[in-house]
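What follows is one structure encoded as structure tokens, with my remarks underneath.
The values are calculated or read from the model by the stated rules, or taken from the named source; none is laboratory data. Please read these numbers as outputs of a predicted model, since none were measured by experiment. Note that we place each Cβ from the backbone using ideal geometry, even for glycine, and neighbour counts take in every protein chain shown. Accessible surface is based on the protein model in full, side chains and every heavy atom, while ligands, DNA and RNA are left aside. Shrake-Rupley method; radii C 1.70, N 1.55, O 1.52, S 1.80 Å.
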Amino acid sequence: MAENEIVELMRAHEVRPTANRIIVAEALAAAGRPLSLMELEDRIESIDKSGIFRSLMLFKEKHMLHTIEDGSNGVRYELCHSHSDEHDDDGHAHFFCTECHRTFCLNDVPTPDVALPDGFWKESVNIVIKGICPECSRSAGQKQ
């Protein structure tokens, strides 16, 4: 994702595009998969942990970020490519590899529309499928 696309995404979500915010968003976009705060720290040497975290929390508040609880006792983050800052039309499932502990986006696997009982209000849907990713499967096959 080019910097001008990131700035456009930020403006669409009413996030002021500062240098640090652009760097954090670029790191998320370049990863191609959801990242933990620690993974972001490793990729971004020019911003401290608190600066990265503040950007993530602002992105989350402005609906520019998905947070994924993938079952690894942590949270991972990915840019939301929704076309609205109020309604997320970018919902999809995720896959957590139990071998390498990476989380992958399954963009072609949408989250189902679940009918909730009266009085309940959906804020987000988090579908995580756990198993072994293709890379780890190939590695395991080579070891046998």
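In this structure, is Cys100 open to solvent by less than 40 Å² (accessible area, probe 1.4 Å) and modelled with pLDDT of 80 or more? No. Is there a residue being modelled with pLDDT of 90 or more and over 15 Å from the mean Cα position of the chain (by Cα) anywhere in the range 51-64? Yes. Being over 17 Å from Val75 (Cα atoms) and part of a helix (DSSP H, G or I) is true of Ile6.
Kindly check whether there is at least one residue in the range 18-40 that is assigned to a loop (DSSP other than H, G, I, E, B), modelled with pLDDT of 90 or more, aliphatic (A, V, I, L, M) and surrounded by 15 or more Cβ atoms within 10 Å (Cβ to Cβ). For the range 18-40, residues assigned to a loop (DSSP other than H, G, I, E, B), modelled with pLDDT of 90 or more, aliphatic (A, V, I, L, M) and surrounded by 15 or more Cβ atoms within 10 Å (Cβ to Cβ): absent.
Taken as a whole, the structure places Asn107 among residues that are open to solvent by 50 Å² or more (accessible area, probe 1.4 Å) and modelled with pLDDT under 95. Residues of the range 47-71 that are open to solvent by 30 Å² or more (accessible area, probe 1.4 Å), more than 23 Å from Asp108 (Cα to Cα), in contact (Cβ under 8 Å) with a residue 24 or more places away in the chain and in a loop (DSSP other than H, G, I, E, B): Lys62 alone.
Within the range 111-119, is even one residue more than 12 Å from the chain's Cα centre (by Cα), at pLDDT below 90, closer than 26 Å to Pro17 by Cα and of a type in the set (Asp, Glu)? No, every residue in the range 111-119 fails to be more than 12 Å from the chain's Cα centre (by Cα), at pLDDT below 90, closer than 26 Å to Pro17 by Cα and of a type in the set (Asp, Glu).
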